[in-house]
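Participant: Attaching a single structure in structure tokens format; questions to follow.
The values are calculated or read from the model by the stated rules, or taken from the named source; none is laboratory data. Predicted, not measured: the structure shown is a model, and the values here were computed from it. Note: ideal-geometry Cβ built from the backbone for every residue, glycine included; neighbour counts use all protein chains shown. Accessible surface areas use protein heavy atoms only, side chains included; no ligands, DNA or RNA. Shrake-Rupley method; radii C 1.70, N 1.55, O 1.52, S 1.80 Å.
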Amino acid sequence: MAEERKHYRPSWDDYFMAIAKIIAARGTCDRLYAGSVLVKDNRIISTGYNGSPPSSPHCADVGHLLEEGHCVRTIHGEHNAILQAAVQGSTSTAGSTMYSKYNPCIHCTKYVIAAGIKRVVIGKIYRNAKAVDMLKEAGIQVDVYQENQEWNDELTKLFSEDITDRTNEGDVNMEVSK
């Protein structure tokens, strides 16, 4: 009989930052695999990763389109998350929290401010720390996510264990009465 392991329940920051990292894996620009999650009332309202606009070629397929050392073929994860919320149109980004694998660039910082996002949780400062200063100057709470080893260990277990087959457990017998 397999040993039963203790379940670790993550904090909201652990949970959403893990999702941002998974979303980053969908990226199509290998210069940086970044991902973002927009959350309101602890519910995901949109996600985004570094990638080309819909119906456009991807860096992974045709190469980078560089301008002053930056790839301009792709839309950044933070910008894509804001755009996805706009396209869905069913919710407002005002008052939301953004979880992002890296801090937003200066341009995405402007979009975060304009979208009314109130908190940004970043996994790591990437390149331009002035963007973080801009967020703070705009009154946005900025938190640098602190890795949680217990949660990282739990994720490793979750992604490496087999999914248990329980198709014959808990069958419900339904009786139809007339």
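Participant: Using the structure shown, decide if A131 is in contact (Cβ under 8 Å) with a residue 12 or more places away in the chain, in contact with a strand residue (DSSP E or B) (Cβ under 9 Å, 6 or more places away or on another chain), surrounded by 13 or more Cβ atoms within 10 Å (Cβ to Cβ) and among the small types (G, A, S).
Facilitator: On the way: in contact (Cβ under 8 Å) with a residue 12 or more places away in the chain: yes; in contact with a strand residue (DSSP E or B) (Cβ under 9 Å, 6 or more places away or on another chain): no; surrounded by 13 or more Cβ atoms within 10 Å (Cβ to Cβ): yes; among the small types (G, A, S): yes.
The answer is no for A131.
Participant: I'd like to verify a number: residues in the stretch 67-121 that are assigned to a loop (DSSP other than H, G, I, E, B), closer than 15 Å to R43 by Cβ and among the polar types (S, T, N, Q), how many?
Facilitator: The qualifying residues number 5.
Participant: Let me ask something else about it. Among the residues of the stretch 47-62, write down those that are small (G, A, S) and either touching a Leu at 6+ places or on another chain (Cβ under 9 Å) or assigned to a loop (DSSP other than H, G, I, E, B) (or both).
Facilitator: If we filter the stretch 47-62 for residues that are small (G, A, S), which is where we start, we get 48, 51-52, 55-56, 60.
Passing the criteria: G48, S52, S55, S56.
For every residue, the table says whether it meets (1) among the hydroxyl-bearing types (S, T, Y); (2) open to solvent by less than 60 Å² (accessible area, probe 1.4 Å); (3) without any contact (Cβ under 8 Å) to a residue 40 or more places away in the chain; (4) farther than 21 Å from V132 by Cα.
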{"position": "R26", "(1), (2), (3), (4)": "no, no, yes, yes"}
{"position": "S36", "(1), (2), (3), (4)": "yes, yes, no, no"}
{"position": "R73", "(1), (2), (3), (4)": "no, yes, no, yes"}
{"position": "H76", "(1), (2), (3), (4)": "no, no, no, no"}
{"position": "Q88", "(1), (2), (3), (4)": "no, no, no, yes"}
